[in-house]
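Below you'll find the structure, written out as structure tokens, and then a few comments.
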Amino acid sequence: MILLPGGRVEYFGPPGGIEAHFGTSDWADIFERLNAAVPPPPPSSGPAVSSADVRAWLHRLNPLTWLDRASGYGRPDAGDPAASARRLARLGTAGPRTVGELPEIVGPQAIDQQRRRQQTWVLARRQLRLIWADRGYAGFLLVLPMVLALLTFAIPDETGLARPASPRSTEAMRLLVVLVVGAAFMGMAATVRDLVAERRIFRHERAAGLMPDAYLAAKIAVFCGVVVVQTLILLRLVYWFRAGPEDGVLLGTGKVEVGVALAATAIVSALLGLLISSLVSTPEQTMPPLVVAIMAQLVLCGGLIEVTGQAVVSQLSWLVPARWGYAAAASTVDVTELVPNAPDDALWSHHPAAWLGALIALAVLGTGYAWLARRRLRSI
């Protein structure tokens, strides 16, 4: 069914009859005619459909109408037990349900869940095609981890993330700062302009039935995959020239644990970027909060400036993904042991509880960012 402004029915019928009705199958030409209110050529065959016919057809398709007919709702014999038994038999129910028996969920909730899954799948595929179609943006996403890997060469290479030869070496701390803050930057840079750039499209599609939860879920799924790939590229390049940690605290492999910490930091930072993008009004307004957020990640991560034990600053650092990402990576590398003059931070303890606690904190932060972005999208 195709409606003109004001609700007047322009076309109602099978999709195969659209070309015969409008004289073209190009939707751009069809929409141009509809917007210009140019009457389309008459259909080649078939009777005209009135609005009364459309309403009657929709009424017959309404599943509630079928249930009313079968259940006898509103009929004079609705209270007759014999008539009720016959109607229950037609519905496929032998008799009344027992107290503990639960009916199958076939109502609006199940329909909404199916719609949400379908829309999420369609929007995720569209997002991937949009990224691939914008070759400049796709190239930026690919080159960014390579550039960050090159920045690590500014740190003198001694032993990488392994045990240093000199007890005064701080290479491990500085290298982790570049890696963790770089992962946070990759995550935010990928998403900070996405939602606000599609604001008009989102409003238009929401008016046509788009579910905000499906829209946000598709964005999260695609960009989480993108930043994980970026993290793998960054670590692969760094590990080519630098030694990784000697051992881990839980998984047994220090390189894998550092990769998990960086990937989690990038994912949560991407969710923070989506939240910022949902709060601003124009793409140009994303630059100031992006700069502030990146500077906060750099200062409050704990590897550049000691934040533990400082009032207010220590509590503010809990809201920053890089703080927990650095804690997880430092726990794996055992920075406190490798760097004697490192801050005595309990979050850096070379223990499985410290590593898992940092990842749980990242999961809580990411959930909070996603929830706030969802609320903002539902209010737009």
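Some notes on this structure:
- Across the stretch 365-380, the qualifying residues are those that are closer than 19 Å to Arg199 by Cβ and either among the basic types (Lys, Arg) or more than 13 Å from the chain's Cα centre (by Cα) (or both), and the one among them that is surrounded by the most Cβ atoms within 10 Å (Cβ to Cβ) is Arg374.
- Residue match in the stretch 319-335 (condition: touching a helix residue (DSSP H, G or I) at 6+ places or on another chain (Cβ under 8 Å), farther than 26 Å from Gly244 by Cβ and open to solvent by 10 Å² or more (accessible area, probe 1.4 Å)): yes
- Long-range neighbours under 8 Å by Cβ, at least six apart or interchain, first residue farther than 19 Å from Thr265 by Cα and open to solvent by 20 Å² or more (accessible area, probe 1.4 Å) within the stretch 210-227, second part of a loop (DSSP other than H, G, I, E, B) and of a type in the set (Lys, Arg): none
Let's see how each residue does on (1) over 15 Å from Leu235 (Cβ atoms); (2) outside any helix (DSSP H, G or I); (3) out of contact with any Pro (no Cβ under 8 Å at 6 or more places or on another chain):
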| residue | (1), (2), (3) |
| --- | --- |
| Arg116 | yes, no, yes |
| Leu141 | yes, no, yes |
| Met146 | no, no, yes |
| Thr152 | no, no, yes |
| Asp157 | yes, yes, yes |
| Pro164 | yes, yes, yes |
| Ala189 | yes, no, yes |
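- Members of the stretch 161-182 that are over 20 Å from Leu300 (Cβ atoms) and surrounded by fewer than 20 Cβ atoms within 10 Å (Cβ to Cβ): Ala162, Arg163, Pro164, Ala165, Ser166, Pro167, Arg168, Ser169
The values are calculated or read from the model by the stated rules, or taken from the named source; none is laboratory data. These numbers come from a predicted model, not from an experiment. Please note: Cβ atoms are built from the backbone with ideal geometry, for glycine as well, and neighbour counts cover all protein chains shown. SASA here: full protein model, heavy atoms, side chains in, ligands and nucleic acids out. Shrake-Rupley method; radii C 1.70, N 1.55, O 1.52, S 1.80 Å.
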